[in-house]
Structure formats: structure tokens, C-alpha cells
Amino acid sequence: MSSRAAKNGAETPRSRSRRRELTALAALPDALIDVSDIPEVEDWSDAVVGKYFRPRKQAVTLRLDADLLAWLRAVGPGYQTRVNRLLRAVMNGQRARDAKRRGGGIVEPRRPQKG
């Protein structure tokens with residue numbers, strides 16, 4: 001049996017043991033944790049920001065013009081992913097323009113104009 005809880009919701013002996021071990025580790029002060037076997041990374045030049053970041057998805061209903069939807073679907077499967085990438089590119093471009101206009105720094109989301 002795996003270390004996950006059993007299907008009926010009861011914890012297995014292995015999962016209880018694992019929970020106790022993790023609780024004990026979480027209670028240790030940082031100074032008492034031995035990290036001598038973990039190599040220190042000195043060169044971060046090949047690091048990729050956001051490589052493992054996956055934004056949380058939210059289901060929405062969106063009404064698109066028929067020709068736009070046909071164009072997105074014509075490339076093949078994955079048109080919703082393409083819509084997401086296109087909208088993200090527009091958002092990132094707008095944020096970059098806003099940051100440049102403000103002189104850099106943290107970019108707050110644009111609020112809709114009242115009117």
C-alpha cells in the first residue's frame with residue numbers, strides 16, 4: 001500500500017509514521033537542520049524564472065466571433081491554450097508598457113475606467 005491515505009479515508013501505519021516524521025522536521029529550528037550533503041549553487045546564470053510555475057486555471061464562458069474561433073481552431077487541437085497564450089502576451093505587453101511609462105517597478109493590474 002502507498003503512503004497515501006487508504007481509499008476509505010483511514011490513515012495507513014506508513015502514512016501516520018510519515019506525518020509524525022514531517023511534523024518533527026517542521027518543528028526543528030533551521031540551525032539544527034544538517035544541509036552539509038546539499039551542494040551550494042554558486043552559478044545561477046542558467047536559471048529559468050518561472051520554469052515550474054503553472055498559473056491556476058479557471059473555467060470561464062467566453063463569446064468569440066465565429067471567424068476568430070474558426071481561425072484559432074484551424075491550427076488544430078489546443079485552441080483554448082492558444083487563446084490563453086495570446087491573451088497572456090497582450091497582458092505582458094501592456095504591463096511592460098505600463099512599467100516603462102512609470103519608470104519600472106512593480107506593475108499593478110489595470111483597473112477598468114468608470115464611465
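Going out from 0 in 10 Å bins, what whole percent of all Cα-Cα distances in segment 63-109 drops into each bin?
Calculated P(r), rounded to whole percents: 25, 36, 21, 17, 0.
Thinking of segment 10-62 as a set of Cα atoms, what percent of all their pairs are more than 17 Å apart?
71 percent
Give me the one-decimal nm value for the distance between modelled label points at residue 64 and residue 35, 7 Å along each residue's Cα-to-Cβ direction.
Taking the simple label geometry, residue 64 and residue 35 are separated by 4.5 nm.
For segment 6-70, which trypsin sites (Lys or Arg not before Pro) are both in a DSSP coil and crowded by at most 11 other Cβ atoms within 10 Å?
The qualifying sites are 7, 51, 56, 57, 63.
Taking the number of other C-beta atoms within 10 Å as the exposure measure, put 54, 88 in order starting with the fewest.
Fewest to most other Cβ atoms nearby, the residues stand as 54, 88.
Bear in mind that the values in this text are calculations on the coordinates, not laboratory data. Here the structure is a predicted model, which is why all the values come from computation and not from measurement. Ideal geometry is used to build each Cβ from the backbone, glycine not excepted, and the neighbour counts take in all protein chains shown.
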